[in-house]
Amino acid sequence: MTRTGVERSIDCNGRPLQVDRTVIMGVLNVTPDSFSDGGLYHQLPDAIDRAQEMVAAGADIIDIGGVSTRPGAAPLAEGEELSRVLPAVEALAGKISVPLSIDTSSPVVMRATVEAGAGLINDVCALQRPGALETASELGVPVSLMHMQGTPETMQRAPYYPDVVEAVYHFLKQRQTACIDADMEVEKIFLDPGFGFGKNLEHNRTLLSELRVFTRLGSKLLVGLSRKTMIDDLLGRPVHRRSSASAALALIAAQNGAGVVRVHDVGMTHDAIRVWEAVSRSDGTTSQLG
Ligand code: 7PJ
């Protein structure tokens, strides 16, 4: 049962993604140098186990990334990126039931992974690399466009905005328009303010509290706050002790209009969000969460 009684889903390369409730996107890093899980899932069997564990815990989609975008990270050659992510996509496409998302900015990686079964392109560069927009449009899968100020190498040096909400809104609108002009459907575009990507604590706090403003753009919002430095700024927590705060931030984001939350701690986030959804049903009934 859903609030409207009608199931709404979008097609992700043959797999449906149900979007009439908050979508929980589980993060699968296949990088040897991830800041949040330190290369734990770099080996293929470990990556497969981790993805299956996240699906069992309630993930609606798995986001596979092969490039570290942590502050200060250097760019990576396309071939190296592909050799990390393609085996994971190939292995998982046949093994898990939920759609796979690919966290990449490279058109070569987009094409190879979508051909191998990936169903969503999550690009932290918002399809600005040469050829990325055309490739994504041709592949026809949903896309996520993220705002970033600078590059991962430089973005946290001294982020500055006259008005952070205005700057991010303007950028997302412009990238959304570019996608629509390239024949993409607005329902297949997700927009992401890019927490921590060239933003200080005050910028992140403002974007989170004003998040609902971005829903005016008419696309679903995707938000990643999980285990980010913002939590260290607020509570003084090393990365392995940021789970509860991450679940709280995901819930706040969902309550402020996020349609998709990108998280590492799937079980905790799933329970927090599904309980909120169940008790806030507009028809006044509660449902069994199961
Ligand atoms: C994000 C992402 C995010 C989207 C990363 C990390 C760094 N993709 N990829 N949004 N973050 N769309 O997980 O902390 O916030 S990598």
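The values are calculated or read from the model by the stated rules, or taken from the named source; none is laboratory data. Since the model is a prediction, treat every value here as computed from it, not as a measurement. Note that we place each Cβ from the backbone using ideal geometry, even for glycine, and neighbour counts take in every protein chain shown. SASA here: full protein model, heavy atoms, side chains in, ligands and nucleic acids out. Shrake-Rupley method; radii C 1.70, N 1.55, O 1.52, S 1.80 Å.
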Query raised in the report: Can you list the lysines whose alpha carbon is less than 26 Å from that of residue 199, not counting same-chain residues fewer than 8 positions off?
Result: 173, 220, 228
Query raised in the report: Counting only the heavy atoms of the protein chains, how much of residue 63 is accessible to a 1.4 Å probe, in Å² to the nearest 10?
Result: 0 Å²
Query raised in the report: Residue separation times 0.36 nm, minus the C-alpha to C-alpha distance between residue 182 and residue 11: what's the value?
Result: 59.7 nm
Report summary line: Output for the range 90-203 (equivalent-ellipsoid semi-axes, sqrt of 5λ from the C-alpha gyration tensor, Å, descending) is 27, 16, 12
Query raised in the report: For the chain, what is the accessible area per residue in Å² when the probe is 1.4 Å?
Result: 43 Å²
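Compute, for the chain, the length of the dipole vector about the Cα centre, with Cβ point charges of +1 (Lys, Arg) and -1 (Asp, Glu) only. Units Debye, rounded to 20.
Rounded to the nearest 20 debye, it is 720 debye.
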Requested in this report: Return the calculated 222 nm mean residue ellipticity for the chain, to the nearest 500 deg cm²/dmol, obtained by summing -39500 (n - 2.57) across DSSP H runs with n ≥ 4 and dividing by the residue count.
Outcome: -11500 deg cm²/dmol
**Report entry** Long-range amide H partners of residue 190 with built H, under 5 Å
**Finding:** 143, 144, 145
Report task. Could you look at the chain and say what percent of its accessible area is carbon and sulfur, using a 1.4 Å probe and all protein chains? Result -> 51 percent
Query raised in the report: Say the dipole of the range 9-279 comes from +1 at the beta carbon of Lys and Arg and -1 at that of Asp and Glu; which of 16, 260, 62 then lies farthest toward its positive end?
Result: 260
Query raised in the report: Which of 255, 156, 174 moves the most in a Gaussian network model of the chain with Cα springs under 10 Å?
Result: 174
Query raised in the report: Hey, got the dipole for the range 107-251? About the Cα centre, +1 on K and R Cβ, -1 on D and E Cβ, debye to the nearest 20?
Result: 600 debye
Query raised in the report: Taking the alpha-carbon set of the chain, what are its Rg and Dmax in Å?
Result: 17.7, 53
Report task. Please figure out what share of the DSSP beta bridges in the range 1-117 is antiparallel and state it in percent, rounded to the nearest 5. Result -> 30 percent
Query raised in the report: So in the chain, what percent of DSSP beta bridges are antiparallel if you round to the nearest 5?
Result: 10 percent
**Report entry** Whole-Hz ³J(HN,Hα) from phi, Karplus 6.51 cos²θ - 1.76 cosθ + 1.60, for the range 10-22, glycine and proline x
**Finding:** 10, 7, 10, 6, x, 10, x, 10, 6, 10, 8, 9, 5
Query - Rounded to the nearest 20 debye, dipole of the range 56-146 from Cβ charges on Lys, Arg, Asp, Glu - result: 160 debye
Query raised in the report: Of 43, 52, 176, which has the largest mean-square fluctuation in a 10 Å C-alpha GNM of the chain?
Result: 43
Query - Among 224, 236, 65: highest mean-square fluctuation, GNM of the chain, C-alpha pairs under 10 Å - result: 236
Query raised in the report: How high is the relative contact order of the chain, in percent, with contacts defined as C-alpha pairs under 8 Å that are six or more residues apart?
Result: 18 percent
